[in-house]
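Have a look at the structure below before the remarks.
Please treat every number below as a calculation from the coordinates, not as lab data. Remember, predicted model here, so these are calculated numbers, not experimental data. So basically every Cβ, Gly included, is an ideal-geometry build from the backbone, and we count neighbours across all protein chains shown.
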Amino acid sequence: MSSNPDHVVSRTDPTDSITVDALFAVLRDRRRREALSLLVEHDSIALADLADELAVAEFDARLPEIPPAAVKRIYVSLYHDHVPRMADAGLVAYSQERDVVALVSEAERLVARLLEFDEPTDGRSTYATEHSASDTPSTGGSDDS
């Protein structure tokens, strides 16, 4: 990339538009990795549906078995923390009026490739494979301050 301060960064090449530091800052958090993985599958998804799917993965349970307050905490963490961080990194776009989050097309291939390194071999979610049934999922606080 050019050191010229007037250089306009191309948004067609994810390696130019998404910095390595920003990408790894986003990927550092397990909930964001799981959200990105779901976005690779769905392209776009309502934020409430994303919270539901993350709750199912994090609790390794069916949605009716998960306390609604836990799902709401996940939704709030997505809305206030995780989605803005992913958007700032250039990975997702969020429509507040539609309450829909979508993977930015130029980032899709890059994210899909990087998430391959995080996939468990037994078909379970990444979160579920690293936590026993007795563990309580995080309330969504970011691991980076």
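So for 88, 81, fewest C-beta neighbours within 10 Å to most, what's the order?
Lowest to highest Cβ neighbour count: 88, 81.
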Practice task
Report the calculated FRET efficiency for residue 61 and residue 24 (r = Cβ-Cβ distance, R0 = 41 Å), to the nearest 0.05.
Solution key: 0.85
Handout entry: Per-selection metrics, the range 17-118 (Cα): Rg and Dmax in Å
Key = 13.0, 41
Handout entry: Dipole magnitude of the range 17-118, debye to nearest 20 (Cβ charges: Lys/Arg +1, Asp/Glu -1, about Cα centre)
Key = 240 debye
